[in-house]
Structures are given as structure tokens and as C-alpha cells.
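Inspection log for the structure reproduced underneath, given as C-alpha cells.
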Amino acid sequence: MKNIAKFPNLILLLLFSLMTVTSCQKDDSNSGGEQQEIIPDVFSEYFGNEVSRDFIGTIIDKNKNPIEGVLITIGDDTALTDSNGVFIINNATVNERFGYIKASKVGYIHGSRNVVPSNGTNKVSIMLLEATVIGTVNSGSNGSVSLTNGSSVNFDGNFIKADGSEYSGSVDVIVHHLDPTDEDMELQRPGMLYAQNNNGAERMLQTLGMLAVELRGNSGEKLNLAEGSTSEIKMYVDPSLMAIAPTTIPLWYFDEVNGYWKEEGQAILQGNMYVGTVSHFSFWNCDIPAEAITLCVTATNDENNALNNLWVTITSATFGERGGFTNENGEVCGFVPSGEALELNVYSYNLCGNTPLHSEMIGPFSADSNISIIIQENSEIIEETVIGNFNTCDENAVTDGYVQLRYGNQTFTDAVSDGTFEINLLRCAEDNTFNIKASDYVNLQTTDSISYTFTTPLTNIGTISACNAVTEFIQYTIDNEDTVILLDGLNGQFYTDSPNYNGPVLNISGFGADTGNNTCFYMFGKLNDPTYEGTYDSYDWNNIDNGDTGFSLQECFDMSNTNNNVIYNLTSLGAVGEYIDINFSGTYEDYDGNPHTVSGVVHVLRDL
């Protein structure tokens, strides 16, 4: 299977609505034999009615780093990505079965993505490719450029500017080959593998390779081939695909205005290269087309609860594998070939192993279909829900922001519109820590990345605030009263070998100016040696000589040892100048025997 950890959770093939169109009969020579199908007069009739939908997405480079300042366009709406590479566009006008998201920034070739928009927040991820010049040709003379794998483009020397006027001078050539065997191709390719064939019918595509070509003049202006000029392109075919590579294959180009592929011409297989002739440049694609139906899969557990963030794959013996993550409704939808038995697999994360949680043969399907599957309980996989509140720095609810939860090498992003968030995921039994970072998209304020421990099955992290000027804090709540946030006088000291306690000791202290300088916080921890990070119970001051380990808040919280059930999770113990992260929750009695509940988070810099 694919290494699914390489696919951010922001890749979702979302639920779409079916539609009915007024159409006429056309012969489709690519559909095989004398078969007839219903084809609309205008291709956009496939898309359905206009609807208003919300979008959140992430733009990254080839190294998976976020790209800031990318211009995102959805219809008439635009936005710029923030420092995390994230954009938010709400109430965008799209179609029921087709939403087109464009991404552009100087220094990169244009990127895009298509989705079938759902009623919820639609999540997308796009990897932009750098506009790296690989060669230069000149107008008025033949020239060519090549990639290391043998893919190449030949030119006859006739070029025009965007306004149609003739161009004279040197031409910088930007070329990228997109290999279907590359696990990042799903993020790099434009749109989705959805196309209009020569007869105007919609098709799903099985790609055997793509070539992205952009031409720039000596002033950086975008160029293209002059009218009547052509170029020969050669496209490398990976050896693993040669068994399914036909001798002749249709060529398709990506229409950057409309957002889908269009059939134009064909390529011939010569050795391990497809060779074809084109009359203009954008992305060119060698694809096997197929009539398709739309299949929606809904995944639930034994109690009929939706399971999201699962990777669902559909494998065709003819068209290979494609897949997506289930959304908040447990749903994932996409095009699959009609009339063929298909293999369905459901996976968790690769750090939980590569064995599917669920596997079965489905189909064949002759019409758009919906199926439901139940994921049986697995002792190695644990369902988790993380909830909390997200406020601005002045403690108002964030209404246009997002929260990112990182678990292992997966990142889950949840849009925030009312100051609350909920993220659902599956985790592995042996790994129970995660990080949370949140961003106020409008006010450009963020939280730090804070480490937490799951309190299965529900983890309530309380309230977090976007104050990126704040570098450290202590936050706690007793008996559901107002949350106390300490920002001043914070101190973290770690001793690897305390003579008084015969081992490693951690001290955390602080007070809050906003709550009065008499606000007291002191946490003592006697740690395990040599493994410091982990889960601890309460420290028993009566067992100092017995080597007891744990944490204590007794000094400032009037907390007794009797019926003390507070659990502490030390998730990070950095070097001096780095962070100490602790979260704690539980019940205790005060010295008068009164019961209390407490929860809190420590995120302080280590001073010693």
C-alpha cells in the first residue's frame, strides 16, 4: 500500500450531490463499440447548481513545509495563506459536484485542486512546485530541453506573449515530470483526474505520467507557442507501469480557466517514452479514460458512530488505486470505474502498521452508489475525541480560525467558527501524546505548539488563547470555576540528581499579574530515572525514603494526600531555554475533607 503518512489529512475526496440534466444523445467513440450514453450539450451541466460552501486548506512545498502568502482563488473569492500555509474561505460560490481551488505565488508554477463540495468545511491540500528553469531556448531557432529521466520538450522557435503578440528573445523553460509512482503526485497534480473527452463526455482518468511546462520571457512574462506552431513532448513511463501502458494513448491538457482536463491528440509509446505533439502548454497528461460512476463509502464503528480521518482506498485491476480520508461524517466519495469488481481497504496510520482495519471486494457498479461499512473493534486501535475552546488574546471566542492537532506524523486541521473545536481520530495503543497549535486567522495571532496526553476516549484541553507574544504560561481550573492563567514570574528548574530526594527533581512555580501577585502556583515532581517523560500519580510526601515518584500541587492548592487521584503527564522536558510541558487532571480532597476536581496545563521555559 501507499505510505499514507505522506498524505496530509487535508486530502479529502468529499461527499457530493447527484444531479439530473437535460441532455441529448451523442456517440462516444472512446466508450467502446456502439455504446451510447447521455451527454449534456454543455460540459458544465455535469456540475449541478451553484451552492455556497466553506473551505480550509494547506499549501506546502516539496519538502512538506508550509508556504505563506499564496493567493487562493475560489470563484470570485480570494485569500492569502498564513504562516502555517493555511487559508480559509467561507461562503464561496461553487457547484454541487464541482469546486475549483486555484493557488498561485511568484516562484512557483500554478497549483489547483478540484473537490466535490460537502455541506461541511471542505479541506484541501496542494503541493506547489518551484518554477525552476531547467533550460533556455531562443526565438527564431529550434531548441530543446530535457530532464534527467529522459522526458523532453522540443521547440520550433515561434512564441507569443499572453496578449497574442509575437515574442522575440530568449525563453526560459520550466518543466516538471509528475510520476504516478511518486506518493506526492496526488498533492502536485492540478485539479483531479476528471476530464472532458473529445465528445464532451465526463471521464475518470488513469494517468501514466504528466508533464508541466511553463515558458517565461526575459522579463518574466508568460509565453506560449505561436499559432500554427507545435512542440514534440516525450514523457517517461515508470517500469512498473509498462505492463498497462497501451501503444497509443490519448493526450489531455489541463484547462486552467475551467479547472478540468480536456482530450487533445494522442501519444505513441516508443521504448519507455510516450511521444506526442502539442500546440500549447500547461500540464499535459497521458491517460487511459474510463466511464465511471461515483461511489460514496461511509465508515462507522459497531455503535454506528462515524469514523473520520481513515484512509480508504479503492483498487481497480485496470486503473490502479486511489483513495481519500473520511470526513467528519465518516464519508469519502470519488469516481471509480463502472462494471468492474473493486477491492476496498480501510487503513489507520502507518505507525499502527500496514494491515487494513477492513478489507472486502465490492461491485461491480453500473450506477452511482453508496455503501456503508462497519469497522470492527480492534484492541490495538483506540478512538479519540479532542475538544476545547479557542479564544482571541482578549478572551473573545475565535470566529474565523483553526486548530491543528499533530499525532505522530499526521496533522488534523479543524476550522473554528464559534470558539469551539472537536477533532476525532484513531490512535495506536502505544502512543498517547499529541500536540495542539491554534491560529486566529483574522487577527494573525497563534498559540504555541503545546503537548498533551489523551484521556481516552474524550480529551478536553480546556481553553487556549491566541497570543503569539506569550511564550509561556500556566493554566488551571478548579471545580469548573473561572480558569486561572499565569503569565508572570514563571520558573522551571530541573535537577538531575537532588541530594535531598536521591534522584531527578522538577520544580515549577509562577504567579499571575492579572489575578493578583498572591496567586500561588507551585508544582513539585520527583521523576523516574533515567526516563523522565511519562505519566505520574501524586507524590506521597510520606514515602520519600521509599523512592516514590510523582507530582504534587499541595503547597498552593490545599491538596491533601487523602483520596488524591490527580494524574500528571510530563510530555516534554527540554534543555535549558526549551519548553517543559505538563498536563494534569483528576480529583482530590482538601485538608478539610472536601472533594474537588482540577485540570491544567503547564507550558514554561526551562530556566535551570
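What to note about this one:
- Within the stretch 525-581, the set of residues being polar (S, T, N, Q) and part of a loop (DSSP other than H, G, I, E, B) comprises Asn528, Thr531, Thr549, Ser560, Asn561, Thr562, Asn563, Asn564, Asn565.
- Residue identified as basic (Lys, Arg) and open to solvent by less than 60 Å² (accessible area, probe 1.4 Å) among Arg427, Arg406: Arg427
- Answer residue from the stretch 79-110, given it is over 20 Å from the mean Cα position of the chain (by Cα) and open to solvent by 70 Å² or more (accessible area, probe 1.4 Å) and is modelled with the highest pLDDT among those: Thr93
- Here Asp537 fulfils each of the conditions (1) surrounded by 15 or more Cβ atoms within 10 Å (Cβ to Cβ); (2) among the charged types (D, E, K, R); (3) at pLDDT below 90 apart from (3).
- Number of the exception - Thr519 against (1) loosely packed, with under 15 Cβ neighbours inside 10 Å; (2) under 27 Å from Thr463 (Cβ atoms); (3) more than 39 Å from the chain's Cα centre (by Cα); (4) β-branched (Val, Ile, Thr): (1)
- Selected residue (only one of Ser465, Ser509 is in a strand (DSSP E or B), among the polar types (S, T, N, Q) and more than 23 Å from Tyr536 (Cα to Cα)): Ser465
- Test result for Val386, in contact (Cβ under 8 Å) with a residue 24 or more places away in the chain, more than 26 Å from Ile580 (Cα to Cα), of a type outside the set (Phe, Trp, Tyr) and surrounded by 22 or more Cβ atoms within 10 Å (Cβ to Cβ): no
- Scan of the stretch 562-600 for residues that are farther than 22 Å from Gln493 by Cα and among the charged types (D, E, K, R), ordered by number: Glu589, Asp590, Asp592
- Test: Ile508 is in contact (Cβ under 8 Å) with a residue 60 or more places away in the chain, among the hydrophobic types (A, V, I, L, M, F, W, C) and either closer than 27 Å to Gly85 by Cα or open to solvent by less than 30 Å² (accessible area, probe 1.4 Å) (or both): yes
- Total residues in the stretch 253-273, condition out of contact with any Ser or Thr (no Cβ under 9 Å at 6 or more places or on another chain) and under 18 Å from Asn198 (Cβ atoms): 4
- Inter-residue pairs, beta-carbon under 8 Å, first crowded, with 19+ Cβ neighbours inside 10 Å and in the stretch 547-568, second modelled with pLDDT under 90 and of a type in the set (D, E, K, R), 6+ apart: Gly550/Asp540
The values are calculated or read from the model by the stated rules, or taken from the named source; none is laboratory data. In this text, all values refer to a predicted model and were calculated from it rather than measured experimentally. So basically every Cβ, Gly included, is an ideal-geometry build from the backbone, and we count neighbours across all protein chains shown. The accessibility values were calculated without ligands, DNA or RNA, using every heavy atom of the protein model including side chains. Shrake-Rupley method; radii C 1.70, N 1.55, O 1.52, S 1.80 Å.
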